[in-house]
Amino acid sequence: MTRTYHTPFSEKYTLSIEQAADYFGIGQKKLRQIVDDHKDADFILRNGAKVLIKRKKFEEFIDNTNSI
């Protein structure tokens with residue numbers, strides 16, 4: 001018997017663009033723009049061509065931003 005475990009977004013260290021869009025209520029296009037505009041930001045983790053968002057670091061980024 002195979003068990004499937006699903007970790008809630010709020011407990012994940014990194015989120016895909018799709019997951020981050022859902023979690024933060026920001027569109028995927030806007031998130032991709034933020035990633036492009038902040039290429040060296042500490043909230044970005046690249047796994048090859050895949051971009052992951054470090055959830056807590058991105059929360060800090062949002063906390064310190066007046067608009068996105």
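In table form, for the structure just shown:
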| item | result |
| --- | --- |
| Range of Cα positions in the stretch 12-63 per principal axis (Å), largest first | 25, 22, 20 |
| Mean separation of Cα contacts under 8 Å (6+ apart) over length of the stretch 12-63, as relative contact order % | 42 percent |
| Length added when fully stretched, Ser67-Asp40, from 0.36 nm per residue minus Cα-Cα | 7.8 nm |
| Integer Hz, Karplus 6.51/-1.76/1.60 couplings in order for the stretch 39-45, x for Gly and Pro | 3, 9, 5, 6, 8, 9, 10 |
| Sparsely packed trypsin sites (Lys or Arg not before Pro) within the stretch 10-68, loop by DSSP, other Cβ within 10 Å at most 10 | Lys39 |
| Folded to 0 to 90 degrees: helix 28-37 orientation relative to the chain principal axis, Cα | 50 degrees |
| Residue-by-residue Karplus 3J(HN,Hα) for the stretch 5-15, coefficients 6.51, -1.76, 1.60, Hz, glycine and proline x | 10, 10, 7, x, 3, 5, 10, 7, 6, 10, 10 |
| Within the chain: Cβ-based charge dipole about Cα centre, in debye rounded to nearest 20 (Lys, Arg +1; Asp, Glu -1) | 280 debye |
| Amide H contacts of Thr14 (H built 1.01 Å from N, under 5 Å, at least 5 apart or other chain) | Arg55 |
| Sum of -39500 (n - 2.57) over DSSP H runs of 4+, divided by residues of the chain (222 nm, nearest 500) | -11000 deg cm²/dmol |
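Quick note: the coordinates plus some simple rules give every number you see, no bench work behind them. Because the structure is predicted, anything quoted here is derived from the model rather than measured. For neighbour counting, all protein chains shown are included, and Cβ atoms are generated from backbone atoms with ideal geometry for every residue, glycine included.
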